[in-house]
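Any read-out appearing in this document is the output of simple, stated calculations on the displayed coordinates, not a laboratory observation. Fair warning: this is a prediction, and the values are worked out from it, not measured in the lab. Please note: Cβ atoms are built from the backbone with ideal geometry, for glycine as well, and neighbour counts cover all protein chains shown.
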Amino acid sequence: MKTRRDFIKISTAGAGAVALSYKAFGSKGFGLFESNSVDPVSDEDLTPYPTYCEVCFWKCAGWAYVDKSGKIRKVLGNQDDPHCNGRLCPRGTGGVGMVYDNDRLKKPLIRETRKDGSQFFREAEWDEALDLVASKMKEVKEKYGPEAFGLFNHGTPGGQFHHLLKAYGSESNAEPAFANCRGPRSSAFFSTFGAYVGSPENTDIRDTKCLVLIGSHIGENMHNSQVQEMSEAIDNGATIITVDPRFSTAAAHSQHWLPIKPATDIALLLAWIHVLVYEELYDKDFVEKYTFGLEYLKDHVQNFTPEWAYGITTIEPEKIRETARAMAGAAPSVIVHPGRHVVWYGDDTQRERAMAILTALLGAWGKRGGFYFPEGVSVPAFPHPHFPEPEWTWKDWNEGRYPLATMGITTELLKASIPRYNYKHQVKAWLVAGTNLPLSMPDKPLFKEAAAAVEFIAVMDTMPMDITGYADVVLPEATYLERYDVIRSAPNREPNIALRMPAIEPMYDSKPGWWIAKQIGERLGLHDYFNFDDYSEVIDWQLKQLGTSLEEMKKIGVKKFPRKSGPLYMGDNEDFTFNTNSGKIELYSTDFADHGFDAMPKFTKHPEPQQNFYRLIYGRAPMHTFSRTSNNPNLSDLMSENSVWVNPKVADLWGLKKGQEVWLKNQDGHVTSFPVKVRVTERIRWDSVYMVHGFGHKNKKLSRAFGKGASDTEMITNVVVDPIMGGTGMRGNFITFLTEEPAREEKEVKA
Ligand SMILES: Nc1nc2c(c(=O)[nH]1)N[C@H]1C(S)=C(S)[C@@H](COP(=O)(O)OP(=O)(O)OC[C@H]3O[C@@H](n4cnc5c(=O)[nH]c(N)nc54)[C@H](O)[C@@H]3O)O[C@H]1N2
Ligand SMILES: Nc1nc2c(c(=O)[nH]1)N[C@H]1C(S)=C(S)[C@@H](COP(=O)(O)OP(=O)(O)OC[C@H]3O[C@@H](n4cnc5c(=O)[nH]c(N)nc54)[C@H](O)[C@@H]3O)O[C@H]1N2
Ligand code: SF4
Ligand SMILES: [Mo]
């Protein structure tokens, strides 16, 4: 029997870190990854440089330790950082593998066409590559206006190009973090509370008495401090309720695992609301003082009894009552976690609304152990002229659809790039920075059509990822451990900032994103937007405005500031106005009603798998981030491929054996490029299969990742779009098994 402490061992700083336990995930233990060299080295011989991690978007602050020969020997968490509390997750510890991956992009590349029509990449000098990007940007501006140049961005590299694009006159950008990730929760929580959940989420997990996880698979989803706090909450005896068709790591540590039938969560949530309202278990004072619409809600959920929900979700009515009562018993220190990757079935904003409503009924908003009030540091912009006003922006692609979208929608940017969709505002060229669209966008045929339709694509990346194969120009960025970058400033309990500076010079002929953006900007006559020689000047200026300096931050890496917005939690009975239409928490959403959407969530039945097909669900593995780490030498050592989880009943039916390789085929006839091994396990419902996202790379230049495992994305061709904010529901896809590789018309795969 595992002790509770086994859950989530994130690396500890210092000497003890070398032997890291990783038992909770059933994985082998791992040590600190030493770059290429195995020579022991003592800490006195190492110089620490402050950084924050770019292996995922939690952005933990840490120290990169460099030896006398100029090699980074390890990366450890910064003790003062609230994102990591001195401990990086396995991916952050292994991040140094991004620097020393021999497959890295080393020089700019330009696409060439041979006489016979075949194409190849030729290495180029920076001047030529930058001139080419700038000349295409000028050409597009002259022919179609700057708005026709689109940007797909994600993470800090994306931020540098976003600045460039705004200076050039375009706001035609979209990032997967919205429509392919957490967009529905933003729209739902904003409409309910007039506030966002943010990143890191303002969930007060460390002090909670009851944590409800609906799909959210914390422990495999390794967002660092959140995982640590969950471990703490478990130690403190918090009740964990996990709703997941799969027995996740979190489920293994829960008092209640509800193995729900996929796509039916809204029914469960409505039944929970029913129990709270009709057993009068909700927080009466809180609801009366702060919320709007209880009477409407009461009518609405009258028939949504646990017995009703049982028929839909397969969760026993008594279990539904018992868990609702457990939440009420812990209130207000209860968190119905809103999740993060929440684009599942196309009614995701409504599912998120149901979670927000539950939160309000439990009186958990603004309460210890519920949701705290976060505060961030506002970093002043380095002086530059006003950005020009574009004639149209990403909002105009939507033409009245998705009214509650707060950011550009990636699939709309694809459609706006394809003439046959006949969008009023068309996109003719792309910059892509920090996103691997062929693996992260659902509906790959749509992506391919759009990529073929645009006149020019420039991609800035660190690795020869699948996206670079679509580029006309590839711009090799230096990794996060080799560059200055924007000051990290994310809302938290305590306002704080973190510095990223180079630990070593960029390897090969790679350059920092800020340099690349500036060089293109200069060529476009936009010097005033890049009025510095080195990005350290920008950072130093900003830090001085904040009362610190680059000099100080180089020594401390992270700085905390006193809160200005008031206490973390709401006082008892305190007067409070919410930033919603009614000034109250909206159980009945006037915002949704105004836009013609259901003001309260409803359950809608979603399509089910046909005979011999199974619902494809997917998620994270603790040692990988999407597709970006699969070639990382340290992390691919820990997990080199994914598998497809199959229930033993299904395996029997098909005669599938553990470790057998199968190809997957989806409802639209698409077959995975590569086979994937079967994992036979009771941990998945019989009606579904599960895969870890991020594998099945098709680019041979990724010597470790090429052909390892299969890509879930290839199976996601049916996208159910959320009418409220344009989220791309990705779990309405069904697969069947092929035990032999089928003949293929197009053998583009192994090129
Ligand atoms: N099928 C499927 N699709 C999904 C998901 C899923 O689970 N399954 N998840 C969705 C979610 S939640 C999200 S947030 C998105 C994520 O989607 P993406 O942001 O596209 O995620 P990654 O696959 O990590 O791709 C990141 C790219 O940035 C590059 N990169 C890494 N570091 C740097 C750097 O420092 N500089 C530059 N220039 N490039 C860098 C990597 O090499 C890689 O090509 O995917 C979404 N799409
Ligand atoms: N290690 C690691 N951690 C990460 C990332 C990473 O790449 N690697 N990415 C980060 C990012 S950007 C994001 S957005 C988050 C995503 O992390 P989460 O928000 O936690 O992930 P989801 O993809 O929503 O949830 C996956 C879980 O949902 C379950 N599930 C599938 N269908 C259903 C259903 O119908 N109902 C219910 N109740 N459950 C269902 C799956 O079995 C799986 O356990 O992870 C973050 N953390
Ligand atoms: S959670 Fe892990 S991968 Fe993400 S930023 Fe923190 S250390 Fe890096
Ligand atoms: Mo995400």
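Selection among ILE241, CYS53, PRO675 by position relative to the dipole of the chain gives PRO675 as farthest towards the positive end (Cβ unit charges, Cα centre). Quote the relative contact order of region 614-738 in percent (integer), defining contacts as alpha-carbon pairs under 8 Å separated by 6+ residues. Once divided by the residue count of region 614-738, the mean separation gives 34 percent.
Please state the shape class of region 438-577: rounded when a/c is under 1.5, otherwise prolate if a/b exceeds b/c and oblate if not, all from the C-alpha gyration tensor. Oblate is the answer for region 438-577, as a/c is 1.5 or above yet b/c matches or exceeds a/b.
In a DSSP loop and with at most 10 other Cβ atoms within 10 Å, the trypsin sites (Lys or Arg not before Pro) in region 668-751 are ARG744, LYS747, LYS750.
What is the sum of charges, Lys and Arg at +1 and Asp and Glu at -1, for the other residues whose Cβ falls under 12 Å from the Cβ of GLN660? Once all neighbours under 12 Å are counted, the net charge is +2. Can you spot the lysines whose alpha carbon is less than 17 Å from LYS701's alpha carbon? Ignore those fewer than 8 places along the same chain. Correct list for LYS701: LYS106, LYS107, LYS750. In the frame of its principal axes, the chain has Cα extents of 71, 65, 60 Å, reported largest first. Protection proxy ranking for 715-723, 488-496, 206-214, using the average of other Cβ atoms within 10 Å per residue and placing the highest first: 206-214, 715-723, 488-496.
Selection among CYS210, VAL538, THR393 by position relative to the dipole of the chain gives CYS210 as farthest towards the positive end (Cβ unit charges, Cα centre).
In the chain, the calculated helix contribution to ellipticity at 222 nm averages -7500 deg cm²/dmol per residue, counting -39,500 (n - 2.57) for every DSSP H run with n ≥ 4. Excluding same-chain neighbours fewer than eight residues apart, the aspartates and glutamates reachable from LYS584 by a Cα-Cα span under 20 Å are ASP283, ASP285, GLU288, GLU295, ASP299, GLU352, ASP572, GLU574, ASP575, ASP594, ASP598. Find the percent of Cα-Cα distances in region 614-738 that exceed 24 Å, and round it to a whole number. Above the 24 Å cut-off, region 614-738 has 27 percent of its Cα pairs.
Antiparallel beta bridges, as assigned by DSSP with both residues in the chain, represent about 45 percent of the total such bridges.
Computed about its Cα centre, the charge dipole of the chain is approximately 1540 debye, with only Lys, Arg, Asp and Glu carrying charge at their Cβ. Near SER630, once Lys and Arg are set to +1 and Asp and Glu to -1 for all other residues with Cβ below 9 Å from its Cβ, the sum equals +2. On a C-alpha basis, how far is the centre of region 450-507 from the centre of region 347-403 in Å? Whole number, if you could? Region 450-507 and region 347-403 have Cα centres separated by 24 Å.
Of the cross-linked pairs LYS415/LYS518; LYS143/LYS428; LYS444/LYS698; LYS115/LYS700; LYS298/LYS602; LYS444/LYS700, those separated by over 21 Å at the C-alpha level are LYS415/LYS518; LYS115/LYS700. With K and R counted +1 and D and E -1, the other residues having a Cβ less than 12 Å from that of HIS154 yield a net charge of -2. Note: relative contact order over the chain, using C-alpha pairs below 8 Å and six or more positions apart, is 18 percent.
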